[in-house]
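The values are calculated or read from the model by the stated rules, or taken from the named source; none is laboratory data. Remember, it's a predicted structure, so these values are computed and weren't measured experimentally. Every residue, glycine as well, gets a Cβ built from its backbone with ideal geometry; the counts of neighbours run over all protein chains shown. Heads up: the accessible areas ignore ligands, DNA and RNA and are worked out on the full protein's heavy atoms, side chains in. Shrake-Rupley method; radii C 1.70, N 1.55, O 1.52, S 1.80 Å.
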Amino acid sequence: MIAIYPGSFDPVTLGHIDIIERGAKLFERVIVAVLSNPSKQSLFTVDERMEQIKKCTQHIKNIKVDSFVGLTVEYAKIHQAGVLLRGLRVLSDFEKELQMAHTNKTLNQEIETVFLATTKEYSFLSSSIVKEIAHFGGSIDHLVSTNVAQDMYQKYQNQ
Ligand code: ADP
C-alpha cells in the first residue's frame, strides 16, 4: 500500500520526520507531498522545502518527496495511493484532522486517512513554533535537522 503524507512542512521538523520514519515502516512506500498553496504565505519556497525534506530523509529508502497543488485525494488517486498519513499531537489537532478526513472521504471513498500519534517529546512541536523561536534568535537545534536549522538561521539573518 502506498501512503501520501501531505503537509506544508514550512519547515519540516523532527516531529514530521518521526511520522515519516514510522510511516515508512508501515507502508510499502510513503510519498511526502508538499502542498503548494499560493494563498498562504510561507517562509520557504516549495522547492526549498522539498530539498530540506530530501536531505533529512536520505536514510529512508522507501520514500519519495514531491509537491502538489489542489485536492489531496486527487493527488493520491493519480499516484495509486490508498492512504493519507497524518500526525496527531494535541486535542486541537483532532477536530481539524477529523473534519479533513471526513471531507476527503466524501470526495473519495477508497482512500483512508491513517493517523499516527506523535511521539511524546514532539507533542508540542510545530513549524510555527520553530519559526517563532528562530525569529527571536533562539536555538532550534533540538527541533529540526541540522540542514534546516542552518537554512533558518540564514533566512532570519538576511531579513
Ligand atoms: P498542515 O499545514 O497541513 O497542518 P503541517 O506540515 O503542519 O501541515 O503538518 C503535516 C501533518 O503532520 C499534520 O497531520 C500534522 O498534524 C502533523 N504534524 C506536525 N507536527 C507534528 C508533530 N510534532 N508530531 C506529529 N505530527 C505532526
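Assorted remarks:
- Lone unmet requirement of (1) within 15 Å of the chain's Cα centre (by Cα); (2) modelled with pLDDT of 95 or more; (3) not aromatic (Phe, Trp, Tyr) for Arg89: (2)
- Looking across region 112-138 at every residue that is away from the ligand (no atom under 15 Å from the Cβ) and among the hydrophobic types (A, V, I, L, M, F, W, C), the one that is nearest to Ala149 (Cα to Cα) is identified as Ala134.
- Region 3-17 residues that are among the aromatic types (Phe, Trp, Tyr) and assigned to a loop (DSSP other than H, G, I, E, B), paired with ones that are open to solvent by 10 Å² or more (accessible area, probe 1.4 Å) and within 7 Å of the ligand (Cβ to nearest atom) (beta carbon under 8 Å, 6 or more apart): Phe9/His16; Phe9/Ser127
- Pairs with Cβ under 8 Å, 6+ apart, first in region 128-143 and under 19 Å from Gln52 (Cα atoms), second assigned to a helix (DSSP H, G or I) and open to solvent by 80 Å² or more (accessible area, probe 1.4 Å): Ala134/Tyr153
- Restricting region 79-122 to residues that are of a type in the set (Gly, Ala, Ser) and surrounded by fewer than 14 Cβ atoms within 10 Å (Cβ to Cβ), the residue that is farthest from Ile4 (Cα to Cα): Ser92
- Of the residues making up region 128-159, those that are polar (S, T, N, Q) and either in contact with a Phe, Trp or Tyr (Cβ under 7 Å, 6 or more places away or on another chain) or assigned to a helix (DSSP H, G or I) (or both) number 6.
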